[in-house]
Amino acid sequence: MTTISVPVSTLANETISKLKRCKSMKEFHQIHAHMIKTNLVNHTLTISKLIAFCSLSALPNSLSYASSVFRRIENPNYFIFYALTKGSCDYGDPLDSITYYVDMVSCLNELDKIAFSLPSVLKACSKLRAFKQGKQFFGQILKTQFWFDPFVSNSVVRMFLELGEIEFARRVFDKMPERDLISWNSMITGYLRAGEVDLASQLFEEMPERDLVSFNTMIDGYGKCGRCELAEEVFRMMNEKDVVSWTSMISAYVIDHHSSKALDLFREMLSLGVKPDVPAIVSVLAAIADLGFVEEGKWVHDYISSNKINLNSGFIASSLIEMYSKCGYIENAYDVFRRVSHGQKNGDWNSMISGLAIHGLGQEALEVFLEMERMNIKPDEITFLGLFSAFSHGGLVDEGQYYFEIMQEKYNIAPKLQHYGCLIDLLARAGNLVDALKVIQHMPIEADVLAWKAILSASTKLGNVVIGEKAALRAIELNPNDSSSYVMLSNIYAKAGKWDDVAKVRLMMKQRGVRKIPGCSSIVVDGKVHQFLVAKETDMGYGSNIHSKIEELVSRLKLEGYEPDLSQVLLDVEQDGKGSLLNLHSEKMALAFGLINTSNGAPIHIVKNLRICCDCHAFIKLVSSVYNRKIVVRDQKRFHHFQNGSCSCRDYW
DNA sequence: GTAGGGTTAG
């Protein structure tokens with residue numbers, strides 16, 4: 001086959017513009033067939049465009065199709081090589097990318113044209129984690145004029161950064177003939193991703209000029225390193241901000257557990273007329289989900305619809321599903337899910353499964369997973385984390401063990417620490433502490449704090465002092481600053497009446513300066529958020545009517561058989577004192593406030609930062625029947641839907 | 001052809 005040179009005909013132009021609009025492989029095939037029929041396959045420009053658009057289309061099988069067309073060409077030009085090099089790097093096998101490049105170098109000698117492919121080749125090296133190969137390319141580049149091309153030298157720096165070779169990258173950076181904004185910004189990003197906050201700040205100070213990207217990089221990087229206060233500092237000093245600056249700051253707040261600040265900032269952004277785009281919406285939805293403010297969530301959902309933002313764009317659907325689930329509105333989550341579930345994004349499925357999990361709907365989560373299998377959507381490691389969490393909260397032990405096997409055998413996903421954590425949690429929560437401990441002994445990775453805390457938490461519930469003590473000491477050893485391990489240990493001792501040991505734990509906490517995280521519950525009434533801190537009812541300005549309401553509830557419930565569960569009190573105080581401390585649990589205060597300030601029969605939604613305690617759980621169950629209210633409580637881990645005297649968790653949590 | 005923001009997780 002020879003390539004003939006014909007003037008660009010109308011036919012060629014038409015074909016090229018059709019190629020530009022191509023959205024499926026079927027269309028590519030049709031165009032190609034038409035090109036064969038009209039002999040356009042021998043028209044250099046058109047055939048190059050076919051290969052280029054096909055290589056860079058990201059459609060399934062498009063790359064192999066492009067390469068089969070490529071193999072029938074006698075003298076491919078640099079443009080075809082470029083497209084295949086970039087396409088293989090971005091959407092295919094990065095190794096192919098390097099092969100195409102080497103192939104090109106051996107048959108072409110237009111150096112300036114070859115340079116265009118180098119950024120992709122270097123990126124391919126970082127994707128392949130090929131440090132040695134990368135260094136070889138770097139060595140070759142140094143000997144040529146490529147080194148003076150900023151696109152190439154910047155890509156070299158980026159490659160070493162992505163390979164985790166930060167110091168090497170810095171040496172290259174220092175050696176570069178010329179550093180532009182992109183070089184500085186890349187180097188700073190590299191430092192921040194490696195957690196090198198000081199080195200990043202130093203470069204940020206040193207750089208000769210800064211642009212918006214420089215500032216935004218600092219905000220995002222500081223935020224991700226957990227340095228929210230530094231991010232705030234940079235954000236406030238900017239004269240000009242774009243939507244990325246706002247989004248980075250909002251995310252920094254979310255990471256730092258300051259979701260209400262994140263929401264406030266989003267409102268401020270809107271009031272200044274900055275239009276939120278998809279990432280901005282996704283980040284604020286995470287904040288709203290965390291706060292459990294469904295009204296704001298619905299507002300954002302309306303915003304998405306009225307601004308014609310497609311549910312399929314980015315992580316929009318998955319964030320909405322998560323938001324509705326975490327706000328307790330699982331039906332709304334389902335509605336969003338049903339509208340996108342025909343799509344192939346496993347993130348949407350994962351969010352739905354995890355959403356069902358926190359509602360204790362294990363069977364339903366399994367059904368979603370099975371549907372996913374029927375639709376041939378590949379589950380990933382997060383799918384299984386959600387699924388195991390669903391089994392764990394739903395008490396589906398056999399299913400959990402079965403799918404733990406399936407995950408490895410059928411899906412080839414090697415269990416990670418988190419998966420083992422789930423399995424341990426599943427067994428322990430179901431009362432099988434022995435098998436849970438066996439998993440810890442036999443797993444190939446060292447168990448972490450969370451694994452031991454799962455054992456500890458289950459032991460607390462079961463009242464197993466021996467295993468609980470062992471787990472607590474291990475958990476404390478692994479993270480001495482986590483107050484919850486001490487608190488659970490103390491609760492085990494208290495339940496067993498071992499008040500001396502309770503005192504020892506308290507002393508240990510005091511000596512190490514570990515403070516118990518105060519319980520905090522919030523409730524939204526008439527669009528206003530009301531927060532209650534444990535034992536601080538008067539400080540919040542709610543006065544004594546909350547307290548008298550709780551007393552009224554207690555005496556009413558005692559008639560129904562309510563007995564305060566005094567083992568839930570950390571302090572060893574007089575019996576009467578203990579009773580009143582129980583009454584000051586934040587969820588009881590929020591509940592009392594809700595009963596006073598909402599109309600008869602209206603549902604009550606409460607969000608708590610820690611896990612709900614046994615006493616409050618029993619208490620709220622009774623309130624739901626005596627006062628005929630639907631009460632929804634989201635604790636640190638899951639939802640409890642109380643109605644007619646029982647809870648959706650079936651007392652299993 | 002090179003630099004900045006978003007999710008699902010025991």
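The values are calculated or read from the model by the stated rules, or taken from the named source; none is laboratory data. Worth saying up front: this structure is predicted, and the values here are computed from it rather than measured. FYI the Cβ positions are ideal-geometry reconstructions off the backbone, even for glycines, and counts take in every protein chain you see. Areas reflect the complete protein model, heavy atoms only, side chains present, ligands, DNA and RNA absent. Shrake-Rupley method; radii C 1.70, N 1.55, O 1.52, S 1.80 Å.
Looking at segment A:149-166, which of the residues that are in a loop (DSSP other than H, G, I, E, B) and surrounded by 18 or more Cβ atoms within 10 Å (Cβ to Cβ) is farthest from the chain's Cα centre (by Cα)?
The qualifying residue farthest from the chain's Cα centre (by Cα) is A:ASP149.
Just to be sure I understand, how many residues within segment A:484-494 are under 28 Å from the mean Cα position of the chain (by Cα) and open to solvent by less than 10 Å² (accessible area, probe 1.4 Å)?
1
Restricting the search to segment A:25-41, which residues are part of a loop (DSSP other than H, G, I, E, B) and touching a residue at least 12 places away in the same chain (Cβ under 8 Å)?
A:THR38
All but one of (1) more than 11 Å from DNA strand B (Cβ to nearest atom); (2) assigned to a helix (DSSP H, G or I); (3) farther than 23 Å from A:SER313 by Cα hold for A:GLY226; which doesn't?
A:GLY226 satisfies every listed condition except (2).
Among A:PHE384, A:PHE369, which is the only one that is within 10 Å of DNA strand B (Cβ to nearest atom), open to solvent by less than 10 Å² (accessible area, probe 1.4 Å), at pLDDT 95 or above and not small (Gly, Ala, Ser)? Even if it seems obvious, please write down each step before you answer.
Values: A:PHE369 fails: within 10 Å of DNA strand B (Cβ to nearest atom).
Only one candidate qualifies: A:PHE384.
What do you reckon, is A:GLU446 modelled with pLDDT under 95, open to solvent by 30 Å² or more (accessible area, probe 1.4 Å) and among the charged types (D, E, K, R)?
yes
Inside segment A:309-364, can you point out the residues that are buried (at least 20 other Cβ atoms within 10 Å of the Cβ), within 19 Å of A:PRO279 (Cα to Cα) and of a type in the set (D, E, K, R)?
A:GLU322, A:ASP348
Going by the structure shown, is A:LYS123 surrounded by 17 or more Cβ atoms within 10 Å (Cβ to Cβ) and of a type in the set (D, E, K, R)?
Answer is yes for this residue.
Applying the selection to segment A:253-273, what residues are open to solvent by less than 60 Å² (accessible area, probe 1.4 Å) and within 9 Å of DNA strand B (Cβ to nearest atom)?
Scanning segment A:253-273 gives a single hit, A:VAL254.
Condition check: out of contact with any Pro (no Cβ under 6 Å at 6 or more places or on another chain) and surrounded by fewer than 18 Cβ atoms within 10 Å (Cβ to Cβ). Does A:LEU423 satisfy that? Step through it out loud before you land on a result.
Working: out of contact with any Pro (no Cβ under 6 Å at 6 or more places or on another chain): yes; surrounded by fewer than 18 Cβ atoms within 10 Å (Cβ to Cβ): no.
In short, no.
Using the structure shown, decide if A:ALA12 is open to solvent by less than 80 Å² (accessible area, probe 1.4 Å), over 43 Å from the mean Cα position of the chain (by Cα) and more than 20 Å from A:VAL102 (Cβ to Cβ).
So A:ALA12 fits the description; yes.
Hey, which of the strands (runs of 3 or more DSSP E) in segment A:578-653, taking only ones fully inside, have at least 2 residues that are among the aliphatic types (A, V, I, L, M) and open to solvent by less than 10 Å² (accessible area, probe 1.4 Å)?
Ranges flagged: A:604-608, A:631-634.
To keep it simple, each residue is scored yes or no on (1) more than 29 Å from the chain's Cα centre (by Cα); (2) over 25 Å from A:PHE235 (Cβ atoms).
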{"site": "A:ILE114", "(1), (2)": "yes, yes"}
{"site": "A:VAL121", "(1), (2)": "yes, yes"}
{"site": "A:SER126", "(1), (2)": "no, yes"}
{"site": "A:ARG129", "(1), (2)": "no, yes"}
{"site": "A:TRP147", "(1), (2)": "yes, yes"}
{"site": "A:PHE173", "(1), (2)": "yes, yes"}
{"site": "A:ILE188", "(1), (2)": "no, no"}
{"site": "A:ASP198", "(1), (2)": "no, no"}
{"site": "A:SER214", "(1), (2)": "no, no"}
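Of the residues A:SER392, A:SER354, which is within 9 Å of DNA strand B (Cβ to nearest atom), closer than 17 Å to A:SER325 by Cα and without any contact (Cβ under 8 Å) to a residue 60 or more places away in the chain?
A:SER354
Taking A:ARG429 and the conditions (1) away from DNA strand B (no atom under 15 Å from the Cβ); (2) surrounded by 15 or more Cβ atoms within 10 Å (Cβ to Cβ), which numbered condition does it fall short on, given that it satisfies the others?
So the condition that A:ARG429 fails would be (1).
Against the definition (within 27 Å of the chain's Cα centre (by Cα), away from DNA strand B (no atom under 11 Å from the Cβ), buried (at least 16 other Cβ atoms within 10 Å of the Cβ) and among the small types (Gly, Ala, Ser)), how does A:ALA169 come out, yes or no? Walk me through how you get there before you give the answer.
Numbers: within 27 Å of the chain's Cα centre (by Cα): no; away from DNA strand B (no atom under 11 Å from the Cβ): yes; buried (at least 16 other Cβ atoms within 10 Å of the Cβ): yes; among the small types (Gly, Ala, Ser): yes.
No; evaluated as a whole, the condition is false for this residue.
Restricting the search to segment A:279-313, which residues are within 18 Å of A:TYR329 (Cβ to Cβ), without any contact (Cβ under 8 Å) to a residue 40 or more places away in the chain and in a loop (DSSP other than H, G, I, E, B)?
The answer is A:LEU311, and nothing else.
Can you list the helices (runs of 4 or more DSSP H) lying wholly within segment A:321-416 that have 2 or more residues being more than 16 Å from the chain's Cα centre (by Cα) and among the polar types (S, T, N, Q)?
Per the criteria, A:397-409.
With outside any loop (DSSP other than H, G, I, E, B), crowded, with 22+ Cβ neighbours inside 10 Å and without any contact (Cβ under 8 Å) to a residue 40 or more places away in the chain as the only criterion, which of A:LYS470, A:LYS453 stands out?
So the residue among A:LYS470, A:LYS453 that is outside any loop (DSSP other than H, G, I, E, B), crowded, with 22+ Cβ neighbours inside 10 Å and without any contact (Cβ under 8 Å) to a residue 40 or more places away in the chain is A:LYS453.
Of all residues in segment A:591-610, how many are touching a residue at least 40 places away in the same chain (Cβ under 8 Å) and over 19 Å from A:CYS327 (Cα atoms)? Even if it seems obvious, please write down each step before you answer.
Taking segment A:591-610 first, the residues touching a residue at least 40 places away in the same chain (Cβ under 8 Å) are A:591-598, A:604-610.
Cutting the leftovers down to over 19 Å from A:CYS327 (Cα atoms) gives us A:592-593, A:595-597.
Qualifying residue count, segment A:591-610: 5.
Do you know which residues across segment A:387-401 are of a type in the set (Ser, Thr, Tyr) and within 16 Å of A:ASN432 (Cα to Cα)?
Answer for segment A:387-401, where residues must be of a type in the set (Ser, Thr, Tyr) and within 16 Å of A:ASN432 (Cα to Cα): just A:SER392.
Just one of A:LEU450, A:LEU366, A:LEU387 is outside the structural domain of A:ASP348 (by TED's automatic domain parsing) and either touching a Pro at 6+ places or on another chain (Cβ under 9 Å) or closer than 29 Å to A:ARG634 by Cα (or both); which is it?
A:LEU450
Are any residues in segment A:89-117 at pLDDT below 95, of a type in the set (Gly, Ala, Ser) and more than 10 Å from DNA strand B (Cβ to nearest atom), and if so, which ones?
Hits for segment A:89-117 are A:GLY92, A:SER106.
For residues in segment A:229-252 being open to solvent by 50 Å² or more (accessible area, probe 1.4 Å) and assigned to a helix (DSSP H, G or I), which is nearest to DNA strand B (Cβ to nearest atom)?
A:VAL244
Tally time: how many residues in segment A:46-89 are open to solvent by 40 Å² or more (accessible area, probe 1.4 Å) and in a helix (DSSP H, G or I)?
Final tally of qualifying residues: 8.
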